[in-house]
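Trainee: Have a look at the structure that comes next, please.
The values are calculated or read from the model by the stated rules, or taken from the named source; none is laboratory data. Source: prediction; values computed, not measured. Quick reminder, even Gly has a Cβ in these numbers, built from the backbone with ideal geometry, and neighbours come from all protein chains shown.
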Amino acid sequence: MEGETPEAAAPATFLRGEEGASPESARARFERVIRRVQAEVCAALEALEGGGARFREDAWTPPGGGGGISRVLQGGRVFEKAAVNVSLVYGVMPPEAYRAARPDTAAVAAAVGGEKAGPVPFFAAGVSSVIHPMNPFAPTMHFNYRYFETEAHKDAPGAPRQWWFGGGTDLTPSYIIEEDVKHFHSVQKQVCDKFDPSFYPRFKKWCDDYFYIKHRGERRGVGGIFFDDLNDYDQEMLLHFATELGSLRRLPFISADCADSVLPAYIPIIERRKDTPFTEDHKAWHQLRRGRYVEFNLVYDRGTTFGLKTGGRIESILVSLPLTARWEYDHKPEVGTEEWKLLDTCINPKEWI
C-alpha cells in the first residue's frame with residue numbers, strides 16, 4: 001500500500017510462527033510472490049509520476065505475529081494517493097472475526113466448534129492496492145489477492161482445518177469511457193480464460209454483486225473480477241492460480257513480472273487520461289463518487305471489517321480511503337449527462353465484452 005525493495009527493507013520472512021515449515025511451503029511461496037508484486041506495482045506507478053512523488057514505506061509487526069509492509073504515495077502529480085500493501089498475519093482470532101472473514105454459517109460452525117466457540121488459530125497473507133488518480137477522467141483501481149487458513153481451536157480438536165483463496169481487481173471511474181472499461185475487462189477475461197473459461201462470467205457477476213452499496217442501490221464502480229472463499233479445486237491447483245507457477249503465471253495477481261496482468265489492464269488507461277483537461281464541475285463529481293467509495297469500504301467491505309475485528313494496524317486498514325471526498329445533500333445528476341450515465345451504469349451493471 002523509496003528506495004529499498006521489500007526484500008531489503010523487511011525481515012527475511014514474517015513466518016516465524018510456522019514451526020517446521022518448509023521454505024517452499026504454500027505460505028512461503030505466496031509470501032515471495034506478493035512481495036514481488038508490491039515492488040513491481042510501486043515501480044510502475046512511480047514511473048508514471050516521472051520523478052515526482054515517491055512511495056513511503058512502513059514495515060510493521062502486529063501483536064499476534066507476522067507482519068506487513070505498507071507503501072503509500074501521496075500528493076503526486078498523477079496520483080493523489082496510491083497504496084500497495086503486503087501482510088502476513090497469524091495468531092488467534094475471536095469467532096466474530098472469523099465470521100467477518102467468511103460468513104458461511106456451516107463452515108463457521110464446523111471450524112469454531114459450534115455454539116461453544118473459542119479463539120480460532122489463523123494465518124492470512126495478501127497483497128492489496130488502491131490507486132486514486134488526480135484527474136477525474138482517470139479511474140480508481142483496486143486489487144487484492146489473499147490466502148487464508150484456520151485450524152481448529154483448542155476446545156474443538158476434531159473440527160476440520162479451513163483454507164481458501166480470495167481476491168479481485170475492479171475499476172471505479174467517475175466518467176464512463178467505454179474504450180477504457182472494455183480494455184480493463186478484456187484483460188481480466190483473457191487471463192481468467194487461460195485457467196477456466198467459466199471463471200470470467202462467474203467472477204464478473206460476483207464482483208458486481210460484492211461491490212454493491214446497499215443503502216444507495218448502486219455499485220461502487222464498473223466492476224472487474226472478484227472471488228472469495230475459493231476452495232472448490234485442489235489446493236495445489238489454486239495455489240498455482242494464485243501464485244507464479246507453470247502456464248498460469250500470467251494471471252493478474254500472480255505474474256512473475258506483474259506486467260502481464262494488473263499493470264497492462266490499468267497503466268494504459270492512466271497514460272491516456274492523466275492529462276485530460278477538466279473543470280471544477282468535473283472535479284466536484286469526482287469527489288462525490290469518492291464519497292461512495294468511502295461508504296462501501298467503511299460499511300460493507302469484509303477486509304476492512306476483518307482488520308478492525310482482529311485489531312489490525314489502523315493506518316493499513318484505512319489506507320484504501322482517498323485523501324479527499326465530498327458528500328453533497330440530495331445530489332442528483334441531470335438525466336442524459338455524462339454524470340448520469342455513470343450513475344445509471346452503477347445501478348444497472350453492463351456486460352462490457
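Trainee: Please verify whether GLY52 is over 22 Å from TYR293 (Cβ atoms), assigned to a strand (DSSP E or B) and at pLDDT below 85, treating the condition exactly as stated. Break it down stepwise before answering.
Mentor: Numbers: over 22 Å from TYR293 (Cβ atoms): yes; assigned to a strand (DSSP E or B): no; at pLDDT below 85: yes.
When the stated conditions are applied, GLY52 does not pass them.
Trainee: Do you know which residues across the range 283-326 are part of a loop (DSSP other than H, G, I, E, B), among the hydrophobic types (A, V, I, L, M, F, W, C) and within 16 Å of the chain's Cα centre (by Cα)?
Mentor: Within the range 283-326, the first condition is being part of a loop (DSSP other than H, G, I, E, B), and the residues that meet it are 300-301, 310-313, 318-326.
Of the ones still in play, those that are also among the hydrophobic types (A, V, I, L, M, F, W, C) are 318-319, 321, 323, 325.
If the condition is that a residue be part of a loop (DSSP other than H, G, I, E, B), among the hydrophobic types (A, V, I, L, M, F, W, C) and within 16 Å of the chain's Cα centre (by Cα), then LEU318, VAL319, LEU321 are the ones that fit.
Trainee: Could we say that ALA59 is surrounded by fewer than 20 Cβ atoms within 10 Å (Cβ to Cβ), at negative phi and in a strand (DSSP E or B) here?
Mentor: On the way: surrounded by fewer than 20 Cβ atoms within 10 Å (Cβ to Cβ): yes; at negative phi: yes; in a strand (DSSP E or B): yes.
For ALA59, the condition - surrounded by fewer than 20 Cβ atoms within 10 Å (Cβ to Cβ), at negative phi and in a strand (DSSP E or B) - is met.
Trainee: Taking the range 175-210 as the search range and keeping residues that are of a type in the set (Val, Ile, Thr) and under 20 Å from the mean Cα position of the chain (by Cα), which one is farthest from GLY336 (Cα to Cα)?
Mentor: Of the range 175-210, the ones of a type in the set (Val, Ile, Thr) are 176-177, 181, 187, 191.
Still in the list and also under 20 Å from the mean Cα position of the chain (by Cα): 181, 187, 191.
Details: VAL181: 19, VAL187: 29, VAL191: 35 Å.
The extreme case among them is VAL191.
Trainee: Among the candidates ASP170, ASP180, single out the residue that is outside any helix (DSSP H, G or I), crowded, with 22+ Cβ neighbours inside 10 Å and modelled with pLDDT of 90 or more. Spell out the reasoning first.
Mentor: Values: ASP180 fails: outside any helix (DSSP H, G or I).
None of the other options fit; the residue is ASP170.
Trainee: Please specify each residue of the range 334-348 satisfying the condition of being under 29 Å from GLN190 (Cβ atoms) and surrounded by fewer than 19 Cβ atoms within 10 Å (Cβ to Cβ).
Mentor: GLU338, LYS341, ASP344, ILE347, ASN348
Trainee: The conditions are (1) at pLDDT below 95; (2) among the charged types (D, E, K, R); (3) touching a helix residue (DSSP H, G or I) at 6+ places or on another chain (Cβ under 8 Å), and GLU315 fails exactly one of them. Which is it?
Mentor: (3)
Trainee: Shifting gears a bit: Considering only the range 25-54, state which residues are among the small types (Gly, Ala, Ser) and under 21 Å from the mean Cα position of the chain (by Cα). Even if it seems obvious, please write down each step before you answer.
Mentor: The first filter runs over the range 25-54 and keeps only residues among the small types (Gly, Ala, Ser), leaving 25-26, 28, 39, 43-44, 47, 50-53.
Passing the criteria: ALA26, ALA28, ALA39, ALA43, ALA44.
Trainee: Right, next: Residues to consider are PRO349, PRO333; find the one that is farther than 30 Å from GLU40 by Cα, within 22 Å of the chain's Cα centre (by Cα) and not in a helix (DSSP H, G or I). First the steps, then the outcome.
Mentor: On the way: PRO333 fails: within 22 Å of the chain's Cα centre (by Cα).
Sole residue among the options that is farther than 30 Å from GLU40 by Cα, within 22 Å of the chain's Cα centre (by Cα) and not in a helix (DSSP H, G or I): PRO349.
Trainee: Which ones in the range 312-325 are charged (D, E, K, R) and surrounded by fewer than 16 Cβ atoms within 10 Å (Cβ to Cβ)? Walk me through it before giving the result.
Mentor: Let us first name the residues in the range 312-325 that are charged (D, E, K, R), namely 313, 315.
Answer for the range 312-325, where residues must be charged (D, E, K, R) and surrounded by fewer than 16 Cβ atoms within 10 Å (Cβ to Cβ): just GLU315.
Trainee: Now for a separate question. PRO136 passes all but one of (1) over 22 Å from LEU73 (Cα atoms); (2) of a type outside the set (Lys, Arg); (3) modelled with pLDDT of 95 or more; which number fails?
Mentor: Going through (1) over 22 Å from LEU73 (Cα atoms); (2) of a type outside the set (Lys, Arg); (3) modelled with pLDDT of 95 or more one by one, PRO136 breaks only (1).
Trainee: Could you tell me whether ALA28 is within 21 Å of PHE148 (Cβ to Cβ) and either at pLDDT 50 or above or in a helix (DSSP H, G or I) (or both)? Lay out the reasoning, then the answer.
Mentor: On the way: within 21 Å of PHE148 (Cβ to Cβ): yes; either at pLDDT 50 or above or in a helix (DSSP H, G or I) (or both): yes.
Taking the combined requirement at face value, the residue satisfies it.
Trainee: Would you say ALA83 is small (Gly, Ala, Ser), within 20 Å of the chain's Cα centre (by Cα) and assigned to a strand (DSSP E or B)?
Mentor: Details: small (Gly, Ala, Ser): yes; within 20 Å of the chain's Cα centre (by Cα): yes; assigned to a strand (DSSP E or B): yes.
When the stated conditions are applied, ALA83 passes them.
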